[in-house]
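Quick notes on the structure that follows.
Please treat every number below as a calculation from the coordinates, not as lab data. Keep in mind the model is a prediction, meaning the values are calculated, not measured. Because the Cβ atoms are built from the backbone with ideal geometry, glycine has one as well, and the counts that use them run over all protein chains shown.
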């Protein structure tokens, strides 16, 4: 008791000041609706700012889950689109391909990736157990990524487009002339398209897509856009610098492409070549 009395004696003026402040504020807010509104608006503003910050933080930690869900949804859309497109072009194939669909897409996450070597590789978190096999193409939502060259039960290694040995049949979306895409090892953003004849009209900004001649990718998958085209008069071809649409520095989720008719096509081609080469 004596301690409390001693405290008030020592801090008399401070306590009196605080009491008067509360009293004055009560008079201000009691009958003045303008000040009341201002007070509550300020409080709401502070609370809103707090909740926004909290939401931003929690949203950040949910990004991986949301990205996974988006990738899986895109995979379903790819498969549905392939099914719809292919059923209009060919009859159903019994047993192995009941819907006439040629390509199937499986979502995978990139867990390792390089871009600064002459030979770059990508590791995926999917393998044999999930139906991944060597020779399957890999694409991203924005373009072609590479081809599977090795698989274990739960992982796959992909030869990136950014590899000195990578080659792909590609064509001009406008006009349809086809050539070969290669990477020269100097910049992860660009590749080189060769064997396009000078008789073709090529302009900066023209889209380059997959030709569909291989079993790795469907026809028409975006590869990049023409940065510049330089004629080679002695060879009658262009050297075309292509800006890749896939950002290899930001690969997160990709789609592994399975050609459901690959075996039929390759077997037919091999048998036809052997038969004719033996003549």
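Within region 122-141, being outside any loop (DSSP other than H, G, I, E, B) and within 17 Å of residue 244 (Cβ to Cβ) holds for 122, 137, 138, 139, 140. A single entry from 190, 213, 217 fulfils the requirement of being surrounded by 16 or more Cβ atoms within 10 Å (Cβ to Cβ) and either more than 22 Å from the chain's Cα centre (by Cα) or closer than 25 Å to residue 255 by Cα (or both): 217. The single condition among (1) out of contact with any helix residue (DSSP H, G or I) (no Cβ under 9 Å at 6 or more places or on another chain); (2) buried (at least 17 other Cβ atoms within 10 Å of the Cβ) that residue 250 does not satisfy is (2).
Residue 230 is checked against (1) under 26 Å from residue 105 (Cα atoms); (2) surrounded by fewer than 13 Cβ atoms within 10 Å (Cβ to Cβ) and fails just one. What number does that condition carry? So residue 230 meets the others, but not (1).
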